[in-house]
1. Do we find that Ile11 is of a type outside the set (Lys, Arg), under 28 Å from Ala116 (Cβ atoms) and in contact with a helix residue (DSSP H, G or I) (Cβ under 6 Å, 6 or more places away or on another chain) in this structure?
2. Quick check on Ala107: is it closer than 16 Å to Leu209 by Cβ, crowded, with 16+ Cβ neighbours inside 10 Å and assigned by TED's automatic domain parsing to the domain that holds Leu9?
3. Hand me the list of helices (runs of 4 or more DSSP H) wholly inside the range 1-90 holding 1 or more residues that are modelled with pLDDT under 90.
4. Please state which one of Val63, Val55, Val33 is crowded, with 19+ Cβ neighbours inside 10 Å and assigned by TED's automatic domain parsing to the domain that holds Val110.
5. Determine whether the range 67-75 contains at least one residue that is surrounded by fewer than 22 Cβ atoms within 10 Å (Cβ to Cβ), within 18 Å of Ala142 (Cα to Cα) and either among the basic types (Lys, Arg) or touching a helix residue (DSSP H, G or I) at 6+ places or on another chain (Cβ under 9 Å) (or both).
Amino acid sequence: MTPAVRMGLSIAAATGLYGLSFGALGVGAGLSVWQTCALSLLMFTGGSQFGFIGVVGAGGSTVTALSTAALLGVRNALYGIQMNALLKPPWPLRPLQAHVTIDESTATAVAQEGDADETRRGFWAAGLGIYVLWNCFTLVGALLGDAIGDPGTYGLDGAAVAGFLGLLWPRLRHRDGRAVAVVCALATVLATPALPSGLPIILAAAVALVIALATRRRAGAQGEPA
């Protein structure tokens with residue numbers, strides 16, 4: 001088992017377990033077990049799924065819930081562009097790759113420091129691993145419902161965040177990475193009181209993208225590697 005695969009499976013275990021929370025909250029919001037499981041199977045992006053059931057649980061319409069989920073999933077489209085260029089998958093694999101392109105699979109892939117084979121292994125280990133475990137634990141959480149209590153008490157939300165921070169940490173060894181992280185964090189903090197849930201992180205991603213494009217343009221103008 002290569003380091004990228006171990007990393008991907010570790011992230012999958014931490015993130016997949018949090019599917020318990022989604023399953024329990026889904027049925028608590030009024031969805032049936034099969035509807036809750038269908039969201040995990042077909043939507044498969046945690047932020048969008050929690051956004052959807054949050055609107056439904058508050059009495060909002062299906063159209064509003066879907067609009068919220070779509071807005072929160074915009075970042076995955078940006079990830080998809082990056083992963084398509086990085087992994088160059090054959091056409092038959094592109095739909096599956098697009099479906100498992102999420103925060104964690106993207107972060108695992110780009111953490112492999114330019115090793116093409118390890119990048120590919122890390123992406124698929126994290127993406128498929130999370131997909132399988134997330135859906136399995138969604139079913140368990142939906143079936144158990146209130147019997148498991150508040151999922152937050154088990155620390156599963158913290159495990160997922162800790163795993164993602166573990167992927168981010170190597171990027172903070174470089175001065176440029178730390179500078180971008182600080183600017184994006186500041187943008188998120190300032191935007192949080194003014195924007196609906198989910199939008200501040202999209203704003204932070206847009207800020208990072210603008211910085212990256214500006215850096216690349218400046219490097220190109222100076223004849224340096226981007």
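The values are calculated or read from the model by the stated rules, or taken from the named source; none is laboratory data. Owing to the predicted nature of the structure, the values given are computational and were not obtained by experimental measurement. Here the Cβ positions follow ideal geometry from the backbone for every residue, glycine too, while neighbour counts run over all protein chains shown.
1. Numbers: of a type outside the set (Lys, Arg): yes; under 28 Å from Ala116 (Cβ atoms): yes; in contact with a helix residue (DSSP H, G or I) (Cβ under 6 Å, 6 or more places away or on another chain): yes.
So Ile11 fits the description; yes.
2. On the way: closer than 16 Å to Leu209 by Cβ: yes; crowded, with 16+ Cβ neighbours inside 10 Å: yes; assigned by TED's automatic domain parsing to the domain that holds Leu9: yes.
Considered against the rule, which asks whether it is closer than 16 Å to Leu209 by Cβ, crowded, with 16+ Cβ neighbours inside 10 Å and assigned by TED's automatic domain parsing to the domain that holds Leu9, Ala107 comes out as yes.
3. Numbers: elements: 3-16, 19-28, 33-42, 46-57, 62-72, 74-87.
Once the helices (runs of 4 or more DSSP H) in the range 1-90 are filtered for at least 1 residues that are modelled with pLDDT under 90, what remains is 3-16, 19-28, 46-57, 62-72, 74-87.
4. Numbers: Val63 fails: crowded, with 19+ Cβ neighbours inside 10 Å; Val33 fails: crowded, with 19+ Cβ neighbours inside 10 Å.
The conditions single out Val55.
5. For the range 67-75, residues surrounded by fewer than 22 Cβ atoms within 10 Å (Cβ to Cβ), within 18 Å of Ala142 (Cα to Cα) and either among the basic types (Lys, Arg) or touching a helix residue (DSSP H, G or I) at 6+ places or on another chain (Cβ under 9 Å) (or both): absent.
For (1) in contact with a Pro (Cβ under 8 Å, 6 or more places away or on another chain); (2) at pLDDT below 90; (3) surrounded by fewer than 15 Cβ atoms within 10 Å (Cβ to Cβ), each residue gets a yes or a no:
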residue	(1), (2), (3)
Asp115	no, yes, yes
Trp134	no, no, no
Ala142	no, no, no
Asp157	yes, yes, yes
Ala162	no, yes, yes
Ala179	no, yes, yes
Ala194	no, yes, yes
Ile202	no, yes, no
Ala214	no, yes, yes
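One line per residue, one yes/no per condition, for (1) closer than 23 Å to Ala208 by Cα; (2) more than 15 Å from the chain's Cα centre (by Cα):
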{"position": "Gly23", "(1), (2)": "no, yes"}
{"position": "Gln49", "(1), (2)": "no, no"}
{"position": "Val74", "(1), (2)": "yes, no"}
{"position": "Pro95", "(1), (2)": "no, yes"}
